[in-house]
């Protein structure tokens, strides 16, 4: 459509004008272009081109989180994403099950199995890889403790209860719940590295870790409580009914189920950023609140929905600081392209939550409704 790179640059500058972002400007959110192909790549591929050209060193930005915040608040992603690729992406997600049983372990192998030592340095001491709760906390450590305690209190855990954790990560929530609330737990994960870590972490507690896809889990007895934190983003819309059915068959009639998940504000459009799917979370899909409400019907009553997505911005910025501070320990294991990829991942996600383009929901559900009503704690 355009004759040369100068015309591509002009178009990009016109698109950026309402955002306050300049090419080679002096503000921390301005884009410093190192290679003229940057303009063509972004106009042709949208957010995928933006991310890949950053990984390739075509551009830099002092504050990527501020840049993304400005781009998303101006809805620039919807103006740049090529319409043909947009509709093709939506079409493929509607007809194809990217989260089938055959693909269930891919995200574990490609993302969560990068190395326990790597995540140990990036996360808090309990290795909690989900949004922290910053209502009163001033440190990542305390904010994650507050989040774990919030979950336990929302679930109304009592000594002797049995808790099922679908997508248990490194076992931090189960360890906290067992030690502080006296419950026994079963945890499910598709990551071999997570399973090994969690088994070692909880070996002295009444906790059973299973390397298994949630669809293949057949409980021998039902649980008083079920929880799933940061796992629903890997389920996919074609499997939402199956997920809620699996949770329902695992829970007692008077039980409670807490679902903690990232969410999007609109159920139409691409379910996840294409760069994130390609490089960070294969087969990922962010649900809309309508998706959860519709597909949980018949299995659960929605008792409470709590949105604290703004806290994910602060959580991600702390993870990024930890990553930067410890990068020297991993520079021989991972190359410079990985460094730029991971930095871009953490900072673009922070910018997306800051712009309120993404949300974080904690949803409490019950099989038949809580007698007298459910009372939220905070």
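The values are calculated or read from the model by the stated rules, or taken from the named source; none is laboratory data. Bear in mind the structure is a predicted one, so any value in this text is a computation, not a measurement. Using ideal geometry, Cβ is built from the backbone for each residue, glycine included, and neighbour counts are taken over all protein chains shown.
The single condition among (1) farther than 20 Å from residue 155 by Cβ; (2) not assigned by TED's automatic domain parsing to the domain that holds residue 243 that residue 371 does not satisfy is (1). The single condition among (1) surrounded by fewer than 18 Cβ atoms within 10 Å (Cβ to Cβ); (2) within 23 Å of residue 28 (Cβ to Cβ) that residue 293 does not satisfy is (2). Any idea which of 346, 360 is closer than 30 Å to residue 372 by Cβ and modelled with pLDDT of 95 or more? Only one candidate qualifies: 360.
Residues are listed down the side, and each one gets a yes or a no for (1) at pLDDT 90 or above; (2) farther than 14 Å from residue 230 by Cα; (3) assigned by TED's automatic domain parsing to the domain that holds residue 199; (4) buried (at least 18 other Cβ atoms within 10 Å of the Cβ):
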| residue | (1), (2), (3), (4) |
| --- | --- |
| 110 | no, yes, yes, no |
| 134 | yes, yes, yes, yes |
| 143 | yes, yes, yes, yes |
| 148 | yes, no, yes, yes |
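Flag not set for residue 41, criterion: out of contact with any helix residue (DSSP H, G or I) (no Cβ under 6 Å at 6 or more places or on another chain) and more than 16 Å from residue 68 (Cβ to Cβ). Please work out if residue 311 is buried (at least 17 other Cβ atoms within 10 Å of the Cβ) and not assigned by TED's automatic domain parsing to the domain that holds residue 253. Answer is no for this residue. When the residues of region 9-48 are filtered to those that are in contact with a strand residue (DSSP E or B) (Cβ under 8 Å, 6 or more places away or on another chain) and under 16 Å from residue 75 (Cα atoms), which remaining residue is surrounded by the fewest Cβ atoms within 10 Å (Cβ to Cβ)? The qualifying residue surrounded by the fewest Cβ atoms within 10 Å (Cβ to Cβ) is 13.
Out of the residues in region 173-189 meeting the condition of being crowded, with 22+ Cβ neighbours inside 10 Å and in contact with a helix residue (DSSP H, G or I) (Cβ under 7 Å, 6 or more places away or on another chain), tell me which one is farthest from residue 159 (Cα to Cα). Among those that are crowded, with 22+ Cβ neighbours inside 10 Å and in contact with a helix residue (DSSP H, G or I) (Cβ under 7 Å, 6 or more places away or on another chain), it is 189. When you look at residue 159, is it part of a helix (DSSP H, G or I) and out of contact with any strand residue (DSSP E or B) (no Cβ under 8 Å at 6 or more places or on another chain), yes or no? Considered against the rule, which asks whether it is part of a helix (DSSP H, G or I) and out of contact with any strand residue (DSSP E or B) (no Cβ under 8 Å at 6 or more places or on another chain), residue 159 comes out as no. Got a number for residues in region 230-243 being surrounded by 22 or more Cβ atoms within 10 Å (Cβ to Cβ) and touching a helix residue (DSSP H, G or I) at 6+ places or on another chain (Cβ under 6 Å)? Final tally of qualifying residues: 2. Listed by first and then second residue, the pairs linking a residue in region 7-26 that is touching a residue at least 60 places away in the same chain (Cβ under 8 Å) to a residue that is crowded, with 17+ Cβ neighbours inside 10 Å, with Cβ atoms under 7 Å apart and 6 or more places separating them unless they lie on different chains, are 15/76; 15/80. Restricting attention to region 37-52, the residues that are closer than 21 Å to residue 272 by Cβ and in a helix (DSSP H, G or I) total 10.
All conditions in (1) touching a helix residue (DSSP H, G or I) at 6+ places or on another chain (Cβ under 9 Å); (2) free of Cβ contacts under 8 Å to residues at least 60 places away in the same chain hold for residue 204, with the sole exception of (1). Taking region 335-348 as the range and being buried (at least 18 other Cβ atoms within 10 Å of the Cβ) and either farther than 14 Å from residue 273 by Cα or touching a residue at least 60 places away in the same chain (Cβ under 8 Å) (or both) as the test, the residues that pass are 341, 342, 344, 345, 347, 348. A single entry from 332, 356 fulfils the requirement of being under 16 Å from the mean Cα position of the chain (by Cα), surrounded by fewer than 19 Cβ atoms within 10 Å (Cβ to Cβ) and assigned to a loop (DSSP other than H, G, I, E, B): 356.
Got a number for residues in region 49-76 being crowded, with 22+ Cβ neighbours inside 10 Å and over 19 Å from residue 28 (Cα atoms)? The qualifying residues number 1.
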